[in-house]
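The values are calculated or read from the model by the stated rules, or taken from the named source; none is laboratory data. Note that the structure is predicted; figures quoted are calculated from it, not measured. Please note: Cβ atoms are built from the backbone with ideal geometry, for glycine as well, and neighbour counts cover all protein chains shown.
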Amino acid sequence: MDMSALKQYAPSWIRQELWDILVDKELWDILVDKVWSTDEWKAKSKAGKKNRATLVNGSVSKHTCSSVNCAQHRLSLEKKLTREPTIVEVFKETHCKKIISEDGTISYGEFIHPKAAMTLVNLKRKLI
């Protein structure tokens, strides 16, 4: 795939007028030419795409962490709770759907995958 075609476009998630103000066009061209066009980057991109589409126990693997690592989630949770969170709380934070009530209170709904529920059961057994 020829990545140079990206040079003329802003990402779809940012409005064109903001893109024009915030982004240095020269830097964008460097990213396209010297990073995203390399064979190494293309291989990483292909591997990531494959991993995101990999079936685990019959469904695509999912997480609720986005690009934030678990350590950052733990720190964020610690600030919210004003105490150190338990490993179970961190696990639920990263493996359950969040339910936000009208008053802004967050509770946890179902697990994102049945395997996550089983992992928590096994984790709790080991903690006892």
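Quick look at the values:
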read-out: Segment 79-94, residues that are within 19 Å of L127 (Cβ to Cβ) and assigned to a helix (DSSP H, G or I); value: L81, I87, V88, E89, V90, F91, K92, E93, T94
read-out: Answer residue from segment 1-37, given it is in contact with a helix residue (DSSP H, G or I) (Cβ under 6 Å, 6 or more places away or on another chain) and in a loop (DSSP other than H, G, I, E, B) and is modelled with the highest pLDDT among those; value: S37
read-out: Those residues of segment 1-30 which are of a type in the set (V, I, T) and either more than 22 Å from S45 (Cβ to Cβ) or not assigned by TED's automatic domain parsing to the domain that holds K44 (or both), in sequence order; value: I21
read-out: Residue that is modelled with the highest pLDDT [pool: residues in segment 38-64 that are of a type in the set (S, T, Y) and outside any helix (DSSP H, G or I)]; value: T38
read-out: Residue check for I100: modelled with pLDDT under 80 and exposed (fewer than 10 other Cβ atoms within 10 Å of the Cβ); value: no
read-out: K92, sole failed condition from (1) modelled with pLDDT under 85; (2) surrounded by 14 or more Cβ atoms within 10 Å (Cβ to Cβ); value: (1)
